[in-house]
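Readers should treat all values here as calculations from the given coordinates under stated rules, not as data from a laboratory. All of these numbers come straight from a predicted model, not from anything done at the bench. As a convention, Cβ positions derive from the backbone with ideal geometry for all residues, glycine included, and neighbour counts pool all protein chains shown.
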Amino acid sequence: MLLLDSHHFGRLSLANRIVMAPMTRSRASQPGDIPNALMATYYAQRASAGLIVTEGTPISPVGRGYSLTPGIYTPEQVAGWSGVTQAVHENHGKIFVQLWHVGRRSHESIAGQTPVSASSLKDPDKVYGPLPEGGFGMIETGVPRAMTLQDIQETIEEFVNAAAHAISAGFDGVELHGAHGYLIDQFMRVASNQRNDAYGGSQHNRMRFLIEVTEAVAQRIGSDRVGLRVSPFVTEGYAQVDPEIGDLTLKALEALAPLKLAYVHFSENISRYVEMPWEYRARARRLYPNPIMVAGKYTAASAEHMLRSGLADLVAFGQPFITNPDFVARVAKGSPLTPVNYEAHSTFYGGGAEGYTDYPEADVVTAPA
């Protein structure tokens, strides 16, 4: 089974090709949005994944778009993440942190200031934040401020600093969140980027921010410690489908190919989406010969088929890892999965151990041969 085969690229050596996908769980300690011992237990329980990619982790206060998410821009946050990485490594796992700047997908009550984006443009959108009556829930995003050239350079430096913090906290690498309508994606798409400077207009200009962030982070920590997530067939945070994002993404990957990143991660089949055509996958493979990861409602069977096609090297699973901390063992033994209880959806975001660290491992003794 290819899913259970090892994977080696650069200094990254994984026991298997099953990745735990990034999933926001909103358990950070308050005040300060600090990773804690409960989070360390959660990730350590799932360390049998070849690689864990953490929940989205804001690189700065203005990069924050969801309450209760752990940051990586203060000494206290870095110290908290050190406890998480130590717990994962003690269980023989590998872990990348997903570096996150949400851009316009925020509200000043979350970010502490007016959100920023490529342009001062807003689509109807909601994020998880403080409610006027108290507590947390979904609130409408604010109108962003268009970033100045100085803002852009400072944000690139924030990505670089966050990556350096990640390595000091013991992470094996970082994933840049360039998908799902967040800041990097906002620079890439026509509906959110109507700039008339070097970062707007042509496709080449609209992918400039992505390229500069990736190159700067790779230079600081090593390109084989850097992954990149993109979602050209997902329309999240936008009212309309972008007609150019598919071609622009391929051009960006072709430009990034010489860096030999740890992987490029295609997020698929969530929110409003169309299925990625096989021809597009083939074009991506031709233009980007380095490791490719895919994620989006894959089963063990469909993931195995994808690996055998040669169009992906790693497959990430999200919600199955919520209810199956021993997901890899269940796949290996053919054991049934504990299904996700969507009636308990409230435990996905916020709260304590319930619906987070209280899922048992399977009895695999009677698993089929």
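Taking 0.36 nm per residue of sequence separation and subtracting the Cα-Cα distance, how much length would be gained by fully extending the chain between Q30 and H204, in nm to one decimal? Working shown, then result.
On the way: separation 174, 0.36 × 174 = 62.64 nm, distance 4.12 nm.
Here the segment from Q30 to H204 would lengthen by 58.5 nm.
This ranking places L307, L287 by how few other beta-carbon atoms lie within 10 Å of each, fewest first, which gives L287, L307.
Annotation: amide H-H contacts under 5 Å for S120 (H modelled 1.01 Å from N, sequence separation of 5 or more, or interchain): A146.
Can you run the Rg to Rh ratio on region 113-249? Use alpha carbon positions and the Kirkwood inverse-distance Rh. Can you show the working numbers first?
Working: Rg = 15.7 Å, Rh = 16.0 Å.
When Rh is taken as the Kirkwood radius, the ratio is 0.99.
The orientation-averaged projected area of the convex hull spanned by the Cα atoms of the chain comes to 17.0 nm².
From the alpha carbon centroid of region 72-105 to that of region 185-223 is 25 Å. Our note on the geometry: Cα centres of region 1-15 and region 328-367, 24 Å apart. Positive contributions from Lys and Arg (+1) and negative ones from Asp and Glu (-1), summed over other residues with Cβ under 11 Å from the Cβ of N324, come out at 0. Mean separation of Cα pairs under 8 Å and 6 or more residues apart, divided by the residue count, gives region 2-347 a relative contact order of 16 percent.
Helix-only estimate, please: 222 nm mean residue ellipticity of the chain, summing -39500 (n - 2.57) across DSSP H runs of length 4 or more and dividing by its residues, to the nearest 500. Could you put the intermediate results ahead of the total?
Numbers: 12 runs with 117 residues, N = 369.
Taking each H run of at least 4 residues, the total per residue is -9000 deg cm²/dmol.
Which of the residue pairs K94/K126; K260/K333; K94/K297; K94/K260 have a Cα-Cα distance greater than 25 Å in the structure shown? Each step should come with its number before you reach the end.
On the way: K94/K126 33 Å; K260/K333 34 Å; K94/K297 22 Å; K94/K260 19 Å.
Result: K94/K126; K260/K333 exceed 25 Å.
When trypsin sites (Lys or Arg not before Pro) are flagged only if DSSP places them in a loop and at most 14 other Cβ atoms lie within 10 Å, the longest unflagged stretch of the chain comes out as 12-296.
Residue-wise HN-Hα couplings along region 46-58, as the Karplus relation 6.51 cos²θ - 1.76 cosθ + 1.60 with θ = phi - 60° gives them from phi, are 10, 6, 6, 4, x, 8, 9, 10, 5, 4, x, 10, x Hz; Gly and Pro carry x.
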